[in-house]
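J.: Structure below; questions to follow.
The values are calculated or read from the model by the stated rules, or taken from the named source; none is laboratory data. Please read all numbers here as calculations on a predicted model, not as lab measurements. Reconstructed Cβ throughout: ideal geometry from the backbone, glycine too, with neighbour counts over all protein chains shown.
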Amino acid sequence: MRLIYPVIIGILWLTGCTSLSGPVKPGVSLSQFENLSKSNGNYYVSGRILFKHPEGKHSGEMEIHISADSELRLSIYTPLVGSLIYELRVGPEKFLLLNFQEKNYVLDENNRFVRQTWLGMDLSLTELKWLILGQIPEKTPAWQQTKLPSGELQLVQGTSVIRLRLNSAGRIESMNKSVEGLLEYKAQISLYQKHFEILFPRKIQIEDFTGNNRWLMVISEIQVPTGIKTLDFIPPENMKHLDQ
């Protein structure tokens, strides 16, 4: 059993070296992808994931939908069979985790303390979106930006500090977040891919300060859907509420 976890990581990372699933589907324009690269609009991402958090770990095929209304749905499916085993739904105000294997769920406010409890780190939807796109917007009104002598970009919001190191193409190479002076998580993008000659991350790793909670994502495809359904935060009746 001790070998299962490193084997899963190895499979995710090695399979990430395969080629992309193909060119962008017909009907998707360059302007749509340019808007996407600027953090605008709706988008859909698929690939593979290892998601390790305080309540356990899940690995398999992933689908991520992020809407222009700042809503996220992360779905994890078993390899080959394709059964939905885990889902995370996040909106500006609500946070819902659905564990279809254990038949339980978490429904709470979307705030720093809830994310730390159930994700193992304070990773906000905005920050996850930056990592999936590989860059931050030119303007971040909620964050104060400073260019450090080291060449890193520093963003400050209250007691939260984010430091970003960019690669030669101006894309995120690493991103570390501290809260009240303590490291919250560190993220690294080790490989990029191109759609319409625009760079998007291929491999993303995020882990908390202990190294016990992490996201390992290998992205195989990114699309620009015309619209995404508004999320509902009503858990299935056959699931039980998981107390904190």
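J.: Looking at the stretch 87-143 only, could you name the residues that are more than 19 Å from E184 (Cα to Cα) and charged (D, E, K, R)?
T.: If the condition is that a residue be more than 19 Å from E184 (Cα to Cα) and charged (D, E, K, R), then E87, R89, E93, K94, E102, K103, D108, E109, E138, K139 are the ones that fit.
J.: Which members of the stretch 126-140 meet the condition of being among the β-branched types (V, I, T), surrounded by fewer than 21 Cβ atoms within 10 Å (Cβ to Cβ) and not in a helix (DSSP H, G or I)?
T.: Across the stretch 126-140, the qualifying residue is only T140.
J.: Looking at I234, I206, which is the one that is β-branched (V, I, T) and touching a residue at least 40 places away in the same chain (Cβ under 8 Å)? Give the steps one after another, and end with the answer.
T.: On the way: I234 fails: touching a residue at least 40 places away in the same chain (Cβ under 8 Å).
Answer to the selection: I206.
J.: Let me ask another. Exactly one of (1) within 26 Å of L183 (Cα to Cα); (2) acidic (D, E); (3) at pLDDT 90 or above is unmet by E55. Its number?
T.: Condition not satisfied by E55: (3).
J.: Can you tell me how many residues in the stretch 92-119 are more than 14 Å from the chain's Cα centre (by Cα) and not in a strand (DSSP E or B)? Explain how you work it out, then say what you get.
T.: Narrowing the stretch 92-119 to residues more than 14 Å from the chain's Cα centre (by Cα): 92-114, 116-118.
Keeping just the survivors that are not in a strand (DSSP E or B) gives 92-93, 100-103, 110-114, 116-118.
Of the residues in that region, 14 qualify.
J.: Tell me, which residue of the stretch 64-91 that is among the charged types (D, E, K, R) and either modelled with pLDDT of 95 or more or assigned to a strand (DSSP E or B) (or both) is farthest from H241 (Cα to Cα)?
T.: This residue is R73.
J.: Collect the residues in the stretch 168-184 that are out of contact with any Ser or Thr (no Cβ under 9 Å at 6 or more places or on another chain) and in contact (Cβ under 8 Å) with a residue 12 or more places away in the chain, keeping them in residue-number order. Please lay out each step first, then the result.
T.: Kept after step one, since they are out of contact with any Ser or Thr (no Cβ under 9 Å at 6 or more places or on another chain), are these residues of the stretch 168-184: 168-172, 174-176, 182-183.
Once the filter is applied, which keeps residues that are out of contact with any Ser or Thr (no Cβ under 9 Å at 6 or more places or on another chain) and in contact (Cβ under 8 Å) with a residue 12 or more places away in the chain, the stretch 168-184 yields A169, G170, R171, I172, S174, M175, N176, L182, L183.
J.: Kindly indicate whether any position in the stretch 74-90 is touching a residue at least 24 places away in the same chain (Cβ under 8 Å), of a type in the set (K, R) and surrounded by fewer than 20 Cβ atoms within 10 Å (Cβ to Cβ).
T.: Looking through the stretch 74-90, none of the residues is touching a residue at least 24 places away in the same chain (Cβ under 8 Å), of a type in the set (K, R) and surrounded by fewer than 20 Cβ atoms within 10 Å (Cβ to Cβ).
J.: Within the stretch 145-156, which residues are touching a residue at least 12 places away in the same chain (Cβ under 8 Å) and surrounded by 12 or more Cβ atoms within 10 Å (Cβ to Cβ)?
T.: Kept after step one, since they are touching a residue at least 12 places away in the same chain (Cβ under 8 Å), are these residues of the stretch 145-156: 148, 151-153, 155-156.
Answer for the stretch 145-156, where residues must be touching a residue at least 12 places away in the same chain (Cβ under 8 Å) and surrounded by 12 or more Cβ atoms within 10 Å (Cβ to Cβ): E152, L153, L155, V156.
J.: State yes or no: is N212 in contact with a Lys or Arg (Cβ under 8 Å, 6 or more places away or on another chain), at pLDDT 95 or above and among the polar types (S, T, N, Q)? Let's see the steps before the verdict.
T.: On the way: in contact with a Lys or Arg (Cβ under 8 Å, 6 or more places away or on another chain): yes; at pLDDT 95 or above: no; among the polar types (S, T, N, Q): yes.
Judged against the criteria, N212 is not a match.
J.: Continuing with this model, one more query. Select, from S83, S67, S59, the only residue that is of a type in the set (S, T, N, Q), under 21 Å from R202 (Cβ atoms) and in contact with a Phe, Trp or Tyr (Cβ under 9 Å, 6 or more places away or on another chain).
T.: S59 is the lone residue from the list that is of a type in the set (S, T, N, Q), under 21 Å from R202 (Cβ atoms) and in contact with a Phe, Trp or Tyr (Cβ under 9 Å, 6 or more places away or on another chain).
J.: Look at E221 and say whether it is of a type in the set (D, E) and assigned to a strand (DSSP E or B).
T.: yes
J.: Collect the residues in the stretch 163-201 that are modelled with pLDDT under 95 and surrounded by 21 or more Cβ atoms within 10 Å (Cβ to Cβ), keeping them in residue-number order.
T.: F200, P201
J.: Output the number of residues of the stretch 38-52 satisfying the condition of being at pLDDT 90 or above, closer than 17 Å to V90 by Cβ and not hydrophobic (A, V, I, L, M, F, W, C).
T.: So the count comes out to 0.
J.: I've got another one for you. Mind checking whether some residue in the stretch 150-161 is of a type outside the set (V, I, T), modelled with pLDDT of 95 or more and either touching a His at 6+ places or on another chain (Cβ under 9 Å) or closer than 24 Å to E61 by Cβ (or both)?
T.: No.
J.: Can you say whether I228 is touching a residue at least 60 places away in the same chain (Cβ under 8 Å), part of a strand (DSSP E or B) and not basic (K, R), as far as the supplied structure shows?
T.: Here the answer is no, as I228 does not meet what is asked.
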